[in-house]
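Below you'll find the structure, written out as structure tokens, and then a few comments.
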Amino acid sequence: MGSIYVDSPMTEEQRRHKLYGGDLFSYSSGQGSAALCALARQLSEEAFAPHDPPTAQDHMPAEEYAGILADLKPRFIHHPDAKKFIGALLAEVGCDVEKTYFDVPRLRTMAHSEYMKAGLALQFHPHRDTWFSAPYAQLNWWLPVYEVEPENSMAFHFNYFDNPIKNSSSGYDYDEWNRTGRQQAAQQITKDTRKQPEAEEELELEPDVRVVTPVGGILIFSAAQLHSTVPNTTDRTRFSIDFRTVNVDDLVSGNAAANIDSGCTGTTLGDFLRASDLEPLPEELIDRYKVPRAPTPALR
Ligand SMILES: [Fe+2]
């Protein structure tokens, strides 16, 4: 089983190693994460006015709600301040901003009850991001924008960190998805017909682990960690921010979580920007990650 480190004084290098081995890390809100969440709240409140974002879904049909999200989410993703705040957040928790690259932050929503379960509010089945062409050195960062509870958060399935799952990732290529999948998301409100990597066997999802932090609290986990969105049985929509990071030294050395079951092709590395100056990764390094990665043994 993995451990959850809270406000750990560990060095960033040690932390990456622990994350690649299946542990989770959580940090209290700092100035960077508080500013990032405040930006997300401000944009959400403007978009849903006069309604409070966590309960706005109770006041409009799903189609109208989807239309607001289709405008709100890209506004957050491309807001110049969001990138600035992520750089500050990363520096505050010990990352070297010259060696750490991040992709743009996403604002995600999970409506409560049966309101909308596809397209932009897609309810993710249990998955590893590494089934979706993420590099094995990728770390995922997750922050709640409004208060969360176990019943509208995210679940980790630690049992599977070391255990392969039969899955359909070998049919997935990130470049192909980029060409066709994304444009279709905005048109799909209640039914999702896009092909996504998923488990092809019955999974034992309980017991699971849910980490509940205050607003602006930070959760970090490996892209190889099996995780899922909890069906939201509260009466409030979940709003969260997530983004991913890679450390360039680890990409070069191959220091990363193990590949125990993924067969996808392509790489998401072209989306990452250096925290210090928003430069992309070197092209030749990205190319090295376009081929499927050979299976490697688990770290622990
Ligand atoms: Fe994920």
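Here are some notes:
- Net charge of Cβ neighbours under 12 Å - reference Ser29; Lys, Arg +1; Asp, Glu -1: -2
- Structure remark: mean-square fluctuation, Gaussian network model of the chain, C-alpha springs under 10 Å; the largest value among Arg128, Arg106, Arg179 belongs to Arg179.
- Stretchable slack from Asn178 to Met1, in nm (0.36 nm times residue separation minus alpha-carbon distance): 60.2 nm
- Estimated [θ] at 222 nm from DSSP helical runs (n ≥ 4, -39500 (n - 2.57)) normalised by residues in the chain, nearest 500: -8000 deg cm²/dmol
- Within the chain, the proportion of Cα pairs with more than 29 Å between them is 31 percent.
- Cα gyration tensor category, rounded, prolate or oblate, for the stretch 4-145 with a/c compared to 1.5: prolate
- In a reduced charge model with +1 at each Lys and Arg Cβ and -1 at each Asp and Glu Cβ, the stretch 199-300 shows a dipole moment near 260 debye about its Cα centre.
- Among Pro126, Pro80, Pro150: highest mean-square fluctuation, GNM of the chain, C-alpha pairs under 10 Å: Pro80
- Look at the dipole of the chain built from charges on Cβ: of Trp131, Ala66, Gln225, the Cα furthest out on the positive end belongs to Trp131.
- Here's the picture: charge each Lys and Arg Cβ at +1 and each Asp and Glu Cβ at -1 in the chain, and of Thr245, Ser26, Leu43 the one pushed furthest to the positive end of that dipole is Thr245.
- Cβ-placed point charges (K, R +1; D, E -1), dipole of the chain about Cα centre in debye, nearest 20: 280 debye
- For the chain, built as a Gaussian network whose Cα springs stay under 10 Å, the top-fluctuating residue of Ala199, Ala82, Ala137: Ala199
- For Ala137, net neighbour charge (Lys/Arg +1, Asp/Glu -1) across residues whose Cβ lies under 9 Å away: 0
- Restricting attention to the stretch 13-116, the count of lysine pairs at 8 or more positions apart or across chains with alpha carbons under 25 Å apart stands at 5.
- Dimensions in Å of the stretch 8-75 - Rg and Dmax from alpha carbons: 17.8, 48
- Counting charges near Ile286 (Lys, Arg +1; Asp, Glu -1) among other residues having Cβ under 12 Å from its Cβ returns a value of -3.
Computed from the coordinates by the stated procedures, all read-outs in this text should not be read as laboratory data. Just so it is clear, the model here is predicted, and its values are computed rather than measured. Here the Cβ is made from the backbone with ideal geometry for all residues, glycine too, and neighbour counts use every protein chain on show.
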